[in-house]
Amino acid sequence: MKKGILVVSFGTSHLDTMEKTIAVIEREIAQKFPECHIYRAFTSRMIIRRLKKAEAMDIDTVEQALRRMAADGIEDVIVQPTHIINGIENDRMMEDLMEDMSCFRRIRVGRPLLSSVDDYKKSIHAVMDRTELYDDEMLVLMGHGTDHHANSAYPTLEYTFHALGYDRVLVGTVENFPDLKNVMAKLEIAGRKKVALMPFMLVAGDHAKNDMAGEEDSWKSELEEEGYEVRVIMKGLGEFEGIRRIFLEHIEETMEKGAENVRDRNKSAGV
């Protein structure tokens, strides 16, 4: 069977961070799995429209990418999301996949970044092994946040940081709980006045550049107004080699499960 891997990202309109994150992930997947054809899709239609208008870039939706794969003769598909959590975007991706599953002999789906206890631990070590904190400095990570029940991943992430010994790390979200007020309350308890701000998002795009590090109405500006000394680390998760490795591992796991299912079917059939 002709094989293909569809890499699904929320997307970004910032070409600088796209090249450092999404594009690198896709290239590493292509290198790791040379027998597969690699395709790209974004789940954010707003970003797709923005890239089309501003950059004349054509990015497929999930449905468009699947139809392109079918037209190219791909029969065996692995879909690997670069989503951080099993939230709204991942649910929408799964809904889109259901509509086009009949076009292929087999579709298998890899897991988002934070899908198991080991994923949390590996992600934390991947970030901290490449992030240097200065004396008396706290690391504040800004996640996206969501109304989806998967938002529980963020407080779980902070708990796991502390359980692994990284007690100078706090996690907040732009759009849900914990928010900046929660983070600032913990900073006050910690009694530290130096903060390193970094996004806990695949890309360092709009949220990182504006909501986190903008000169007005941002986490940076609000922290500075409260007397904190703030250092910005403008680095998306996709820039960390260890994070990218987790996505590769998820693809490998998906392939192995598919092979196990084939062996099980053959065994039951007496082959």
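The values are calculated or read from the model by the stated rules, or taken from the named source; none is laboratory data. A quick note: this is a predicted structure, and the numbers were derived from the prediction, not measured. We place every Cβ from the backbone using ideal geometry, glycine too, and count neighbours over all the protein chains shown. These area figures cover heavy atoms from the full protein model, side chains too; ligands, DNA and RNA do not enter into them. Shrake-Rupley method; radii C 1.70, N 1.55, O 1.52, S 1.80 Å.
Take the chain with all the other protein chains still there, run a 1.4 Å probe, and you get 50 Å² of accessible area per residue.
Whole-Hz Karplus values for the range 229-237 come out as 8, 10, 10, 9, 10, 8, 9, x, 4 Hz, taken residue by residue from phi with 6.51 cos²θ - 1.76 cosθ + 1.60 and θ = phi - 60°; glycine and proline positions read x. Less than 5 angstrom separates the built amide H of Val109 from those of Val79, all sequence-distant by 5 or more or on a different chain. For the chain, carbon and sulfur atoms together expose 47% of the accessible surface, with a 1.4 angstrom probe and every protein chain in place. Rounded if a/c is under 1.5, else prolate if a/b beats b/c, else oblate: with a ≥ b ≥ c from the C-alpha gyration tensor eigenvalues square-rooted, which is the range 153-236? Since a/c reaches 1.5 but b/c is at least a/b, the shape of the range 153-236 is classed as oblate. Relative to the longest principal axis of the Cα atoms of the chain, the long axis of helix 62-71 makes an angle of roughly 30 degrees. Out of residues 5 or more away from Gly143 or on other chains, whose amide H comes under 5 Å of its own, with H placed 1.01 Å from N in the peptide plane? Distant-sequence amide H within range of Gly143: Gly172, Thr173, Val174, Phe200.
Quick one: length gained pulling Arg40 to Gln64 fully straight, 0.36 nm per residue minus the C-alpha distance? The partial results should precede the final answer.
Numbers: separation 24, 0.36 × 24 = 8.64 nm, distance 1.00 nm.
Here the answer is 7.6 nm.
Take the Cβ atoms of Glu226 and Leu133, set R0 to 22 Å, and the FRET efficiency comes out at 0.65. Both the radius of gyration and Dmax for the range 1-118 are 13.8, 41 Å, in that order, over alpha-carbon atoms. Computed over the range 51-140, the alpha-carbon pair-distance distribution with 10 angstrom bins reads 13, 31, 27, 20, 7, 2, each value a whole percent. Using only alpha-carbon positions in the chain, the gyration tensor eigenvalues give semi-axes of 36, 21, 15 Å once each is multiplied by 5 and square-rooted (largest first). The H on the amide N of Leu133, modeled in the peptide plane, is under 5 Å from the matching H of no residue at least 5 residues off or on a different chain. As a length-normalised measure over Cα pairs under 8 Å and 6 or more apart, the relative contact order of the range 97-205 settles at 30 percent.
Site pair Leu164 and Ala71 shows an inter-label distance of 4.3 nm when each label is modelled 7 Å from Cα along Cα→Cβ. Express in % the proportion of alpha carbon pairs of the range 105-167 at distances exceeding 14 Å. Of all Cα-Cα distances in the range 105-167, 65 percent exceed 14 Å. 3J(HN,Hα) couplings calculated from phi for the range 181-198 with the Karplus curve 6.51 cos²θ - 1.76 cosθ + 1.60 (θ = phi - 60°) are, in sequence order, 4, 4, 4, 5, 5, 6, 5, 5, 5, 5, x, 9, 10, 10, 10, 9, 9, 8 Hz; Gly and Pro show x.
Based on DSSP H segments of at least four residues, each scored -39500 (n - 2.57), the chain has a per-residue ellipticity at 222 nm of -13500 deg cm²/dmol. Keeping all protein chains in the complex and leaving out DNA, RNA and ligands, what accessible area do you get for Tyr228 with a 1.4 Å probe, in Å² to the nearest 10? For Tyr228, the solvent-accessible surface is approximately 20 Å². Give me the distance in nm between label points sitting 7 Å out from Cα along the Cα-to-Cβ direction at Asp91 and Lys52, one decimal. In this crude label model, Asp91 to Lys52 measures out at 2.6 nm. Since only Thr146, Ser44, Val7 are under comparison, the one whose Cα sits farthest along the positive direction of the charge dipole of the chain, derived from C-beta charges on Lys, Arg, Asp and Glu, is Val7.
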